[in-house]
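Working notes, beginning with the structure itself.
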Amino acid sequence: MDDVPGDLPEAAARRFSEGAFTSGLTVPDFAACLQMGLEPAGYVQGFCVMKWGSWQFYPGAGPYGGYGPNVAGTHGGYSESWQCPHGFVSAEHRVWGQNYEQPWVEDAWANGFTSAYERLIEEASALGAHGIVGLVDTSAPLGDLGVLEFRVQGTAVKVKDGPPPADGRPWTTYLAGQRLAKLIEAGYMPVSIAATVASVRVWASCITAYLTEGTNPGWTSQAVGAEIEQTARAQMAVRRIARERVRAQLGGDSLHGASMGTRERELGEGDADLECILRGNRVRRFKEFDPMPAPRPTVRLS
Amino acid sequence: MTGPAPLAADRPDGSAGDATSGDIRKEMLAAAQSLDRSAPSPAAAMTSDLSIDEELTLHSIGWEPIELVYGVSLHSIPMGVWNWGQGEITHASSAFARSFAAATDRIHHECARSGGHGVVGVHVERNVDRHHIGIALTGTAVRPVGAKKLPSADSVFVSDLSGRDFTLLQGSGWMPLGLAAGASFVYAPRRSMGTAMKQTSQNVELTNFTEAMYAARESAMERMQRSALALQGTGVVEVKVTEGPMEFAHHAIGFSAYGTVIRLVAGQHRNLAPRMVLPLDDPVRGVEATALRGA
C-alpha cells in the first residue's frame, strides 16, 4: 500500500492494509472490469457536510441558503436589469428588476462537492489506485438544519501492468463495466468527472411580477399572455453559465453522458431562485475513431 | 466480452480494424498511458448528453455530437381564466403554443450557433402553472462528421428521437424535420343542480368530463398535425400525450401532445429487415472466474 495521507482516519488505513478488496460494482460490471484488466482495489468514499453563510440570515430560504445580501453585480458574472415603464406609481411598486448570478451559492456548492471529491481521491490514492469507476454522487439536505450533505463514492481500480497516474491523481468516471469498455473501444479515455452548479436569482420587475401572477392592474401596457421575458432569460442564462463552467473544466477534452438538471424555487410575485447542475464524464480521445459499420437491427424472440 | 469493434468479416471492405481493437486489455492500457500526454486544443472539446451507445450508432451513419443545447420560454396566463366557464380556455392553449414555439426557436439558434445541423434526444419539460406555462427543451446538437459549414437556424431539425432511433430512421430513408406540438385546455361544464341530485346515488358516466376530454384531445391533436404539415412533414412519430384535470382547477381538462415530424427523403422506404435472434441466456448471471492477481 502507498503512503497513507495524514488526515485519513486510522481505521481506514488499517482496513486498506488488510488485503481483501471491497467494491461497489455489480457482478456483470465486476466481470467486465476484470476482462479489461481493471482490478478492484477498494470501495472509496468522500463526504462533506456544508452549511452556507447566508442561511443564518435567511432561515426560510431552503437548503441552499437565501439570496444573501444585495450585492448584485458586485461579484461579476451574469447580470441584467429591467426598468419599470410606468414612472412613479407607489412606494411599493417594483421600479426595477434584476437577474443576477449568485457566486456565493455556486462557491458553497463547489466547496462541498470538491471537498467530498478530493477525499474520495485521497482514499483511492492511499490504495495506490489508478482510477475510480462506477462513481455515484448525491447531495441531500441533512435534517432540517439548512445543511447539505455531499456524498461521492465509487470503486478504486488498478490497471493491470499499467503505469501509475502521471500526476498521482487517479482518473474518475461515472461509467463502469460494459459501458466503460465501449467507451475505451470507441477511443476515449476517462480523465475525470466534471460537475458544476450555476445559480441565478430573479428579482422581478413590476411587469415580470404581473405576468407571473397573472395580474393586470389595468393601467399597464403589458400584453395579456405575453412572454415572461425576464424569467425566460434567467432560465437560459443559468443553463449557459453551467455549460460554460463545465467547458472551462474540460480543457480540450469532451463531456460525455452529461446530465443537466434544473430546479426553480418560486419566491412569489415573480421572484425566483434558479439552479442548474451539470455533470458528466470528461473524456480524452486516445486513438483515431474507428467507425463501426451500421448496426444490424435485430428482433428478440423471447 | 463483445465490444462495439466489429469482426473483420463484418466490415464492408473485409479489412481488419485497429490492430488492438480485439484486445480490450491492450486498449485499456494504451488509454491509461495516453493520460500522460497533453490535452488536445480546446477547440476540439464537445459536450453531449448522449450515451456511448448512442454516440457509436450515430458515428456508424456518419454523424457526431458537438454541443449540449437548450431552449426555454414561459408565457403568462391572465388571472381568472381557470374559473368556471364553457368551451376552450384559449389563453392557456395559446400560452402553451407560444412557449413551445419560442423554446423551439431558441434551441434552433443554439444549435446553429454551435455548428449543429440538428438536435437529437430532446428532453421536453412542460410546466403548466395557474398563471404561466413554461417549456424547456434540452438535447444534443449533431452534425455530419467533420462538417464545417455553419447552417442557418431555420434549416436545423429538432427531434426527441434517441441516437438509436435517429439512426434507424435515417437507415430506412426518413429524416426528422422538427418537433410538432399541440395543446388544449377545456372547461368541463357544470352539471345542473337537478342532474347532480339525480346522479347522487347512481353509477353514472360524467359526460361533461368525458366530452371535455374529447374536445381537448381533438383540438390538441389537430394543432399538432397542423404544425407537422407546416413543416412539410409526412407524419409524426413517438407522440407523447399528457391529459387530465389541472391540479389547481379540477374542472378544467388539459391535453397536450408532441412528437417528431418526419419525411421520406429517399426515393422510397427501405425495409430494415431485422434479423430474428433467440437469446439463449440463462436467467443466472455469469461471471468469468479470472484470478485477480497473477492471472
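Of note:
- Of the set (1) out of contact with any helix residue (DSSP H, G or I) (no Cβ under 6 Å at 6 or more places or on another chain); (2) free of Cβ contacts under 8 Å to residues at least 40 places away in the same chain; (3) facing another protein chain (nearest Cβ under 7 Å); (4) farther than 15 Å from B:VAL69 by Cα, all apply to A:MET292 but (1).
- Of all residues in the range B:175-216, those satisfying the criterion of being within 30 Å of B:ALA103 (Cβ to Cβ) and aliphatic (A, V, I, L, M) are B:MET175, B:LEU177, B:LEU179, B:ALA180, B:ALA181, B:ALA183, B:VAL186, B:ALA188, B:ALA212, B:MET213, B:ALA215, B:ALA216.
- Residue list for the range A:159-191, restricted to those being in a strand (DSSP E or B) and either hydrophobic (A, V, I, L, M, F, W, C) or more than 10 Å from chain B (Cβ to nearest Cβ) (or both): A:VAL159, A:TRP171, A:THR172, A:MET189, A:VAL191
- Of the residues making up the range A:120-127, one or more are outside any loop (DSSP other than H, G, I, E, B) and out of contact with any Pro (no Cβ under 7 Å at 6 or more places or on another chain).
- Applying the set (1) buried (at least 20 other Cβ atoms within 10 Å of the Cβ); (2) modelled with pLDDT under 90 to A:ALA242 leaves exactly one unmet item: (2).
- Applying the criterion of being basic (Lys, Arg) and assigned to a strand (DSSP E or B) to the residues of the range A:256-295, the residue that is nearest to the chain's Cα centre (by Cα) is A:ARG279.
- Sole exception among (1) out of contact with any helix residue (DSSP H, G or I) (no Cβ under 8 Å at 6 or more places or on another chain); (2) within 25 Å of A:MET236 (Cβ to Cβ) for A:GLY187, by number: (2)
- Which numbered condition B:VAL261 misses (of (1) β-branched (Val, Ile, Thr); (2) at pLDDT 95 or above; (3) in a helix (DSSP H, G or I)): (3)
- Looking across the range B:37-54, the residues that are out of contact with any Leu (no Cβ under 8 Å at 6 or more places or on another chain) and under 15 Å from A:GLY251 (Cα atoms) come down to B:ARG37, B:SER38, B:ALA39, B:PRO40, B:SER41, B:ALA43, B:ALA44.
- Complete set of residues in the range A:237-255 that are touching a Lys or Arg at 6+ places or on another chain (Cβ under 9 Å) and in a helix (DSSP H, G or I): A:VAL246, A:GLN249, A:LEU250
- From the list A:ALA198, A:ALA234, the one residue that fits, being assigned to a helix (DSSP H, G or I), touching a Leu at 6+ places or on another chain (Cβ under 9 Å) and within 30 Å of A:VAL95 (Cβ to Cβ), is A:ALA234.
- Within the range B:62-162, strands (runs of 3 or more DSSP E) holding 3 or more residues that are within 11 Å of chain A (Cβ to nearest Cβ) and surrounded by 15 or more Cβ atoms within 10 Å (Cβ to Cβ): B:63-76, B:132-144
- Of residues in the range B:20-54 being assigned to a helix (DSSP H, G or I) and under 24 Å from the mean Cα position of the chain (by Cα), the one farthest from the other protein chains (Cβ to nearest Cβ): B:GLU54
- Output for the range A:238-261, where each listed residue is at the interface with chain B (Cβ under 7 Å from one of its Cβ atoms) and under 30 Å from A:THR215 (Cβ atoms): A:ARG239
Here is a yes/no grid of residues against (1) surrounded by 15 or more Cβ atoms within 10 Å (Cβ to Cβ); (2) among the β-branched types (Val, Ile, Thr); (3) in a helix (DSSP H, G or I):
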| residue | (1), (2), (3) |
| --- | --- |
| B:GLN170 | yes, no, yes |
| B:ALA183 | yes, no, no |
| B:ARG191 | yes, no, no |
| B:ASN203 | no, no, no |
| B:THR210 | no, yes, yes |
| B:ARG223 | yes, no, yes |
| B:SER227 | yes, no, yes |
| B:VAL237 | yes, yes, no |
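- Only listed residue being under 30 Å from A:GLN235 (Cα atoms) and of a type outside the set (D, E, K, R), chosen from B:GLY146, B:GLY173, B:GLY182, B:GLY194: B:GLY182
Okay, residues lined up against (1) surrounded by fewer than 19 Cβ atoms within 10 Å (Cβ to Cβ); (2) touching a residue at least 60 places away in the same chain (Cβ under 8 Å):
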residue: A:VAL191; (1), (2): no, yes
residue: A:CYS206; (1), (2): no, yes
residue: A:VAL238; (1), (2): no, no
residue: A:ARG247; (1), (2): no, no
residue: A:GLY261; (1), (2): yes, no
residue: A:GLU275; (1), (2): no, yes
residue: A:GLY280; (1), (2): no, yes
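- Residue match in the range A:204-225 (condition: in contact with a helix residue (DSSP H, G or I) (Cβ under 9 Å, 6 or more places away or on another chain), more than 27 Å from B:PRO144 (Cβ to Cβ) and at pLDDT 95 or above): no
The values are calculated or read from the model by the stated rules, or taken from the named source; none is laboratory data. These figures come from a predicted structure and were not determined experimentally. Glycine also receives a Cβ, built like all others from the backbone with ideal geometry; neighbour counts cover every protein chain displayed.
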